[in-house]
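The values are calculated or read from the model by the stated rules, or taken from the named source; none is laboratory data. Note that the coordinates shown come from a computational prediction; the quantities given were computed from them, not determined experimentally. Don't worry about glycine lacking a Cβ; one is built from the backbone with ideal geometry, like all the others, and counts go over all protein chains shown.
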Amino acid sequence: MRLYLLLFIILLTSTFSKARHVVNFSPSVAKQFGFDMTRFNEVAAQIHFGSPSLLNQWSIINASAEATYNDILNILEVKKELYIFKNGKGTLMSLNQLKKKYQYAYTVKVDTIFHEMAHAEMDKFIEEGKTPQDKKLYNVLKNEVKPWIKRNSKRSSSIGIFELHGYFIGQIIETMFADIGDIYLFNGINIYQSKFFAGRNIKKKATELSLEEFIKLLIPKRRAKKLYRDRIEVGYVWVKGKEIELKGSSKDPFKKEWFQAIWDHFEYFYNPPTNIQELTQHLAKDFPLKEKLIEYRKKLHEEQNKQEDSQDQDLFNDLNQE
């Protein structure tokens, strides 16, 4: 009976060939965040991709999910709305295509895709101990985190460690998207409307910095050097519709070092920026409106310094009159 059910579900799912599916998505993520996407592509090559099966479409399972990884069928199901089709072949949209279609909400789509791909990575690489780094992380999850979940929750601890990994990877993406938004805001850039604005901070920088420095993407001072390794945490995970709070008691707390173990694994394979300063430096290489920002900043630098010179001259004249 189980075999027939399995075959039935497979037939209901429209599957696409493996890594070809991410040929647009993967390079766009690398460009946005500065990630090395080799591991992501390796995971993609080990699984099948598909549009939601009838079980999803009939709201029997995961009907509202943008993407869902099925470890039994080895399929990552993604809503057709996130694909572009050419000659009947579907590939995931690039970040620019997702942003154009979904505006501010596109970041949630990317977060979800990474969350579900993290499940596939756990299934195909980490749990299997494919590399020393995979073995090291799985040892922490299996021998430290899993017992903690058993002690502190009635939910499945096996599913719990999968969800922890997925939620944490999703949180990395969410945090970096938020930081990119803060970087653009700090620099007076509205990416969605292709506009610039000069707040008090930008005008002040125009008189403090040389033109060469002022036309660059400025680094926000707040938390600029604080490591993502120390910043990123997850407050809870959901297992079968129930919440597991990752807090514990004073005698049995959820340890920060467990989050850091997941970050260390991610950092080894993806080589991401480690803080806001590095993220800003990556964005500065090539970001939307870069050339227009340079032109805008040149004019602003000239205007603000003329105004500064004029004020200095007025002060000089006043002092002479006294």
Item to check | Leading residue by the ranking (farthest from residue 240 (Cα to Cα)) among those in the range 126-167 that are part of a loop (DSSP other than H, G, I, E, B) and among the polar types (S, T, N, Q) | outcome: 131
Next on the checklist: For the list (1) surrounded by fewer than 18 Cβ atoms within 10 Å (Cβ to Cβ); (2) at pLDDT 95 or above; (3) of a type in the set (Val, Ile, Thr), I need the number of the one condition that residue 140 fails.
Outcome noted: (1)
Checklist entry - Of 121, 128, which residue is among the charged types (D, E, K, R), more than 23 Å from the chain's Cα centre (by Cα) and closer than 17 Å to residue 69 by Cβ? => result 128
Next on the checklist: What pairs come out if I take residues in the range 268-288 that are among the polar types (S, T, N, Q) and pair them with residues that are part of a helix (DSSP H, G or I) whose C-beta lies under 8 Å away, six or more apart or interchain?
Outcome noted: 274/228; 274/229; 274/267; 275/228; 280/183
Next on the checklist: I'd like the residue in the range 223-271 that is of a type in the set (S, T, N, Q) and at pLDDT 95 or above and, out of all such residues, is surrounded by the fewest Cβ atoms within 10 Å (Cβ to Cβ).
Outcome noted: 271
Item to check | residue 100 being surrounded by fewer than 17 Cβ atoms within 10 Å (Cβ to Cβ) and not in a loop (DSSP other than H, G, I, E, B) | outcome: yes
Checklist entry - Which condition number does residue 172 fail, the rest of (1) in contact (Cβ under 8 Å) with a residue 60 or more places away in the chain; (2) not in a helix (DSSP H, G or I) being met? => result (2)
Item to check | Filtered residues of the range 72-97 (kept if surrounded by 17 or more Cβ atoms within 10 Å (Cβ to Cβ) and aromatic (Phe, Trp, Tyr)) | outcome: 83
Checklist entry - Residue check: is residue 205 buried (at least 17 other Cβ atoms within 10 Å of the Cβ), at pLDDT 90 or above and of a type in the set (D, E, K, R)? => result yes
Checklist entry - Among the residues of the range 275-288, is there at least one that is under 27 Å from the mean Cα position of the chain (by Cα), within 30 Å of residue 119 (Cβ to Cβ), at pLDDT 90 or above and not in a helix (DSSP H, G or I)? => result yes
Next on the checklist: If a residue must be more than 17 Å from residue 140 (Cβ to Cβ), assigned to a loop (DSSP other than H, G, I, E, B) and in contact with a strand residue (DSSP E or B) (Cβ under 9 Å, 6 or more places away or on another chain), how many such residues does the range 207-257 contain?
Outcome noted: 3
Checklist outcome for this item: With criteria (1) of a type outside the set (Lys, Arg); (2) under 22 Å from the mean Cα position of the chain (by Cα); (3) in a helix (DSSP H, G or I), residue 201 comes up short on (2)
Next on the checklist: Going by what's in this entry, would residue 180 be described as β-branched (Val, Ile, Thr) and in contact with an Asp or Glu (Cβ under 8 Å, 6 or more places away or on another chain)?
Outcome noted: no
Next on the checklist: Take residue 187 and tell me if it is within 30 Å of residue 295 (Cα to Cα) and crowded, with 21+ Cβ neighbours inside 10 Å.
Outcome noted: yes
Checklist entry - Quick one: residue 212 ticks every box in (1) in contact with a Leu (Cβ under 9 Å, 6 or more places away or on another chain); (2) exposed (fewer than 14 other Cβ atoms within 10 Å of the Cβ) bar one, so which box is it? => result (1)
Checklist entry - Restricting attention to the range 5-13, does a residue exist that is assigned to a loop (DSSP other than H, G, I, E, B), at pLDDT 85 or above and not assigned by TED's automatic domain parsing to the domain that holds residue 268? => result no
